[in-house]
Amino acid sequence: MKTTTENNNALEYTQLSEDRSDRSKRPSLLIWEGAYANVFIVMTGGAFLTGMAILLGANDFELGLLAAVPFAMQSTQLLSPYLFTDPVKSRARVTTILAISRLLWLTVIPLLLLKGVWRLNVLIGIVSISSLLTMVSTPVWLAWMAEVIPKRIRGRFFSQRNAAVAATTIASMVCGSLILDWFRWHNNEAIGFIAIMLVAALGGLLAIRAMGRISNVPRKDEAEISHRIDILAPIRDHSFRKMLSVFVVWNIAIGLSAAFFAPHMLLNLKMSFFQIGLYSSATALVAVVSSRIWGKLVDRFGSKPILTICALGISLIPIIWLFLTENSLWILIPESIYSGLLWAGFNLAAFTLPIDRSSNANRTVYLSVFATVTGLAFFIASIAGGFAAESLSDWSFILSGTTLINYHLLFIGSAVIRLLAAVIMSIFHEPAEIRLPVVIQLMGYAVLKHISIGRQVFPFMSDNSESDEEAKNKI
């Protein structure tokens, strides 16, 4: 007969084996969760949401409001540390809340079958409630991900996850745009949007199922995590506060114009949903190809240098849109490659940086404050952009043969503030970070090494064998 000690040892060994088995499955489950969730995100946002709002009679201010609402709801993340105090039980609640927020979009279907100007207000209400439920649970989800994925491989893992997300972006945009264009050609666009909502809900529920399969086994150091809620702790943290100020400026820049790229394509450039889908798919495809490289760079050099490099390049994107017309849509081909490459690096670095800079003991609080402050910055900028666009809806100006309209003014303003944010990123430093010039030099050396002609093109690099060898070791 087995002794009590033997039984306890056997039980402990079984639990440990199950925990190891669960850990081995977590990365793949999280990748599938991201892929499915992105189907929901794509089909309930972007050009699809803009097209639905236009169908319901939205003007420029209301389009700006629709884009701003999810970011305003980020302020509810401040409630998250108070609502989700138990690390294990909270994760089950998060999956339930996210399921409700995604199923809520099925209530859009009756709006598309009925008549009346009230429908747009109801749509804004649905977006608001769904965003509120999603945002209040996001800090717990992020803290959960920080536990599941170790910091040393976080960049590479999320680059793989982002690649899966980009793949579903391509599939969702192409399939969704084909569905909408087919119903538009048959003068029944509302039915097309109903089909989109059904697919979105299915993707959202599959994501919840994948998330629910990750067990709620607590970390070994769970007892070390502080449950004392101090909302002001992130503000007192000098490093976190500096990062927060940069993202505030950046979100103002993005929020000013983000809502108006899709209506500009639909209304002014006369693009079909399929053309918009091809453009978005090309951008996502570039992100898939480059995501693995960016992940390695983030793990090697840190998030901040990569963020700065990408932000400087992204600052030029709105300027490119000044030269787009119905007859020059070919410009979107190089633009999609350029923007896809840079946004892939930026999004990866921007995702990992707040996690890395937050305190392990109060990560939920840190992430809640970050989301709230940056979300309010985006909300204010988007509302201001919508008000400006609506006020200047009849404005136009011809410059060197190019007709500028209200949207172009917002693009120019966004470009200027993006550049300002990128400059701010580059001038503040952390004690242990690799300086931006060094990162650029090492990245350039890696490119030269891979094309095998570096020493012929830059023979001076071989003069200093010691520094050359140091660079090799860092690549």
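The values are calculated or read from the model by the stated rules, or taken from the named source; none is laboratory data. Computed from a predicted model, the values in this text were never measured in an experiment. All Cβ positions, glycine included, derive from the backbone under ideal geometry; neighbour counts span all protein chains shown. Heads up: the accessible areas ignore ligands, DNA and RNA and are worked out on the full protein's heavy atoms, side chains in. Shrake-Rupley method; radii C 1.70, N 1.55, O 1.52, S 1.80 Å.
Scanning region 265-281 finds no residues that are without any contact (Cβ under 8 Å) to a residue 12 or more places away in the chain and within 23 Å of Val42 (Cα to Cα). Looking only at region 372-387, decide whether some residue is free of Cβ contacts under 8 Å to residues at least 12 places away in the same chain, among the hydroxyl-bearing types (Ser, Thr, Tyr) and open to solvent by less than 30 Å² (accessible area, probe 1.4 Å). Taking every residue of region 372-387 in turn, none turns out to be free of Cβ contacts under 8 Å to residues at least 12 places away in the same chain, among the hydroxyl-bearing types (Ser, Thr, Tyr) and open to solvent by less than 30 Å² (accessible area, probe 1.4 Å). Contact annotation: residue pairs with Cβ atoms under 8 Å, 6 or more positions apart or on different chains, pairing a residue in region 407-427 that is over 22 Å from Met243 (Cβ atoms) with a partner that is of a type in the set (Phe, Trp, Tyr) and not in a helix (DSSP H, G or I), are Leu409/Trp395. Between residues in region 114-142 that are aromatic (Phe, Trp, Tyr) and residues that are at pLDDT 90 or above, which pairs lie under 8 Å by C-beta distance while being six or more apart or on different chains? Filtered contacts from region 114-142: no entries. Selection of region 143-171 for residues being open to solvent by less than 30 Å² (accessible area, probe 1.4 Å) and either modelled with pLDDT of 90 or more or more than 17 Å from the chain's Cα centre (by Cα) (or both) yields Trp144, Val148, Ile149. Filtering region 309-351 to residues that are hydroxyl-bearing (Ser, Thr, Tyr) and not in a helix (DSSP H, G or I) leaves Ser315, Thr325, Ser328.
Selection within region 117-142: residues that are farther than 20 Å from Gly204 by Cα and open to solvent by 30 Å² or more (accessible area, probe 1.4 Å). The member of this set that is modelled with the lowest pLDDT is Val117.
Within region 77-105, residues that are within 18 Å of Leu202 (Cα to Cα) and modelled with pLDDT under 70 reach no partner that is in a helix (DSSP H, G or I) and of a type in the set (A, V, I, L, M) with beta carbons closer than 9 Å at six or more positions or on different chains. If you check Ile235, Ile254, Ile231 for being outside any helix (DSSP H, G or I) and either open to solvent by 60 Å² or more (accessible area, probe 1.4 Å) or touching a helix residue (DSSP H, G or I) at 6+ places or on another chain (Cβ under 7 Å) (or both), only one passes: Ile231. Residue selection: Ile333 satisfies the criterion of being open to solvent by 30 Å² or more (accessible area, probe 1.4 Å) and either out of contact with any Leu (no Cβ under 7 Å at 6 or more places or on another chain) or of a type outside the set (S, T, N, Q) (or both). Scoring Arg292 on the criteria (1) charged (D, E, K, R); (2) under 22 Å from Gln160 (Cα atoms); (3) surrounded by 17 or more Cβ atoms within 10 Å (Cβ to Cβ) leaves a single failure, condition (3).
Scanning for something within 30 Å of Arg236 (Cβ to Cβ), charged (D, E, K, R) and under 20 Å from the mean Cα position of the chain (by Cα), does region 361-369 turn up at least one residue? Among the residues of region 361-369, at least one is within 30 Å of Arg236 (Cβ to Cβ), charged (D, E, K, R) and under 20 Å from the mean Cα position of the chain (by Cα), which makes the answer yes. Filter region 354-366 down to the residues that are of a type outside the set (Ser, Thr, Tyr) and either open to solvent by less than 10 Å² (accessible area, probe 1.4 Å) or outside any helix (DSSP H, G or I) (or both) and list them by number. Pro354, Ile355, Asn360, Ala361, Asn362, Val365 - these are the residues of region 354-366 that are of a type outside the set (Ser, Thr, Tyr) and either open to solvent by less than 10 Å² (accessible area, probe 1.4 Å) or outside any helix (DSSP H, G or I) (or both).
Within region 224-249, residues that are closer than 21 Å to Thr308 by Cβ and of a type in the set (Val, Ile, Thr) reach partners that are open to solvent by 40 Å² or more (accessible area, probe 1.4 Å) and modelled with pLDDT of 85 or more with beta carbons closer than 9 Å, at six or more positions or on different chains, in the pairs Val246/Ile424; Val248/Val373; Val248/Leu376; Val249/Ile417; Val249/Leu420; Val249/Ile424. Does Leu312 meet the test of being within 28 Å of Tyr366 (Cα to Cα), of a type outside the set (S, T, N, Q) and at pLDDT 90 or above? Yes: the conditions hold for Leu312. Can you tell me which residues in region 257-279 are open to solvent by less than 40 Å² (accessible area, probe 1.4 Å) and not in a helix (DSSP H, G or I)? Listed by number, the residues that qualify are Leu269, Met271, Ser272.
The one condition from (1) open to solvent by less than 40 Å² (accessible area, probe 1.4 Å); (2) at pLDDT below 90 that Ala422 does not meet is (2). For region 176-190, the condition of being closer than 19 Å to Leu114 by Cα, of a type in the set (Lys, Arg) and either crowded, with 19+ Cβ neighbours inside 10 Å or over 25 Å from the mean Cα position of the chain (by Cα) (or both) holds for at least one residue.
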